[in-house]
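Working notes, structure below.
The values are calculated or read from the model by the stated rules, or taken from the named source; none is laboratory data. Quantities reported herein were computed from a predicted structural model and do not represent experimental measurements. Please note: Cβ atoms are built from the backbone with ideal geometry, for glycine as well, and neighbour counts cover all protein chains shown. To get the accessible areas, we keep the full protein, side chains included, count just its heavy atoms, and leave off ligands, DNA and RNA. Shrake-Rupley method; radii C 1.70, N 1.55, O 1.52, S 1.80 Å.
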Amino acid sequence: MTSPHDAATAPPHPLDALVEPFRARRSGVLQLDRGAGRRRVFYHQGEVVQADSDLPKESLLHALEARGTIDGPLRARAEAAAREGPTRPLQVLVDAGAISPDDVRTLLRRRAEHLVAASLAWRDATCAFRPSAGLPPLPTPPTNVTLPRVLMAGAARYLADADVTSLLRPSWGARPRGAPAPPVPIPDLGLGAAQFDFFCSLDGARGLDEVLSFSVLPREEAARLVLLLHRLGAVVFDPPAAAAPPPSPSRARAGAPGDPLAGILVGGPDGSSTSTPPAVHAAGSMPSPAVPEPDPDPGRGGLDAVALFGPGIHQVKAPSVRRPAQAPADLEIDDLTGADLSAVRDLVPSDRQRYFALREQVERAGGHSHFERLGLGPDAGEAEIRNAYFALARRYHPDALHAFAEPIRDAAGTLFAKCTEAYEVLSDPEARKRYVDRVVHGKPDENEQAMLEVRAIIDAEQAFKRGLKLMNAGKLLDAHQDFARAVELYPQEHEYAVYAGFTTFKLNHPKDPGAADRGEAAIREALKQNTRLDKGWHLLGRVMMAKENWEQAKLFLRQAIKLQPANGEAVRDYKHCDAKLASPASSSPLAGLFGRFKKS
């Protein structure tokens with residue numbers, strides 16, 4: 001567009017003038033002049049960092065005044081500051097408290113986006129680019145305008161249909177297809193679903209006029225999209241196809257540019273089978289390596305096919321098949337029935353092998369992890385995931401296979417659906433983390449965790465009930481083991497802790513006072529957590545009875561009876577404590593001593 005040293009007239013349309021510094025990663029200023037109006041777009045290494053205009057209605061002060069942000073005196077101060085630099089008025093407004101620093105950045109970005117998009121309508125403007133060498137520093141703060149997205153959004157409003165037709169005229173007979181390595185990641189363009197489907201259909205097999213005539217989009221929108229994608233480097237134009245006799249049915253589409261399944265198997269000129277690598281269609285993808293010649297006797301070892309999941313991903317083998325002696329070009333399809341049998345039988349041999357290879361890969365993909373489906377490892381980054389998926393989309397999206405027979409389209413569509421499922425999970429950071437935790441690290445997901453908790457609750461209840469039966473049968477040690485197991489499975493149930501603590505006390509009192517005290521402490525801690533456990537107060541009362549602390553035992557037993565008056569055992573224990581306290585022998589400090597003398 002210009003030499004490194006001198007400003008020069010840019011190409012005739014502003015679209016090319018705006019895109020060229022972006023594609024070349026240049027730094028400098030693009031100036032567009034039309035009559036008395038002048039706009040400037042500032043680039044830093046290809047990125048748009050600012051834009052301004054000399055038109056009064058496009059000035060910052062006019063925009064702020066329209067919003068009611070500034071009044072007359074403040075505007076006068078800002079206009080005076082404008083003589084010092086294009087962004088000085090903003091500093092005056094920030095200092096005066098009229099706007100915040102965050103508002104400044106948002107205002108500059110929106111204004112720059114509007115000026116860039118509106119410049120598409122300046123078809124008669126003079127465009128010149130000056131490199132940054134020798135120029136004053138670029139305006140700050142930078143606005144980080146995403147030029148491709150702005151152009152895609154603004155073209156519908158500002159780019160006239162006549163301009164689109166004029167700019168596409170030199171390429172009218174060419175065949176558009178996806179670029180091997182576009183400078184702009186396709187997801188960054190903000191394409192809608194229908195636009196993306198249209199992009200996937202650009203396989204280089206059809207001329208531009210045919211592409212626009214049979215597009216899923218309105219013709220004008222499709223033409224505008226092809227033009228923008230071409231100028232941004234995401235679409236390239238192959239020369240028109242040379243006139244040639246139509247291919248034979250058995251080798252239709254063999255080697256056609258952009259054939260998404262060209263590497264599965266194509267027929268050779270002598271009727272033999274040859275393998276070719278698939279065409280490159282996605283950002284970051286490279287041609288797959290050539291595939292070895294297939295085994296002349298597929299019944300012995302199977303057919304080596306190019307990786308269905310894209311370059312460097314999965315090298316797969318088509319299913320081993322047997323060919324009858326009388327029909328060496330045919331495949332055995334005895335494993336198919338009904339509609340599948342009828343549809344596949346009608347396929348030419350090369351397409352039939354494509355179908356079988358795809359069908360086996362669908363089955364294999366069902367057992368693969370999401371990372372394996374995209375040909376990636378668990379440590380793959382966001383860009384790798386995106387590029388891998390779009391490489392698969394260019395090959396297996398239904399719109400990319402419209403020229404193939406229905407069984408092939410169905411099999412490829414099923415394969416693409418599995419890849420899409422993987423991408424939807426791995427492209428979402430939260431969903432990916434849950435998936436990695438579950439699949440890679442073996443952690444249960446929310447549903448599995450809930451089921452594990454339910455299972456633990458049920459098992460804990462069963463262990464507790466066994467413990468009660470064993471304790472009532474006098475098997476205290478076995479009962480303690482079941483109570484401890486119940487606490488381990490479901491520690492939130494404090495009743496389990498009470499019984500585990502009680503059996504710990506009973507097994508260790510009085511031979512191991514320390515262990516017995518730990519059992520008593522466990523009961524008390526459980527009662528702190530749930531004071532309405534009548535069984536807890538009852539068992540704590542029994543602990544006091546074992547320690548012959550009758551008064552304390554009565555307090556705990558009284559609380560148990562208060563919570564559950566029908567607790568007959570607690571009532572009997574309470575009466576027993578009363579009897580002990582009423583006994584003269586128990587009331588005298590020397591009763592124990594005299595009692596022993598009497599017995600002797």
Of all residues in region 366-392 being among the aliphatic types (A, V, I, L, M) and closer than 17 Å to Arg434 by Cα, the one that is farthest from the chain's Cα centre (by Cα): Ala380
Residues being open to solvent by 20 Å² or more (accessible area, probe 1.4 Å) and of a type outside the set (D, E, K, R) - total across region 208-217: 4
Looking only at region 555-591, and only at residues there that are surrounded by 12 or more Cβ atoms within 10 Å (Cβ to Cβ) and modelled with pLDDT under 55, the one that is nearest to Ala522 (Cα to Cα): Ser586
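Only one of Lys443, Lys433 is open to solvent by 80 Å² or more (accessible area, probe 1.4 Å) and part of a loop (DSSP other than H, G, I, E, B); which?
Working: Lys433 fails: part of a loop (DSSP other than H, G, I, E, B).
Just a single option satisfies the conditions, and that option is Lys443.
Can you list the helices (runs of 4 or more DSSP H) lying wholly within region 471-554 that have 1 or more residues being open to solvent by 30 Å² or more (accessible area, probe 1.4 Å), in contact (Cβ under 8 Å) with a residue 40 or more places away in the chain and hydrophobic (A, V, I, L, M, F, W, C)? Working first, answer last.
Details: elements: 476-489, 494-508, 513-529, 534-546.
Per the criteria, 534-546.
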Answer from Leu168, Leu228, Leu151 - the residue that is over 30 Å from the mean Cα position of the chain (by Cα) and open to solvent by less than 10 Å² (accessible area, probe 1.4 Å): Leu168
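Yes/no per residue for (1) of a type in the set (A, V, I, L, M); (2) free of Cβ contacts under 8 Å to residues at least 60 places away in the same chain:
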| position | (1), (2) |
| --- | --- |
| Pro429 | no, yes |
| Tyr435 | no, no |
| Val440 | yes, no |
| Asn447 | no, yes |
| Met451 | yes, yes |
| Ala460 | yes, yes |
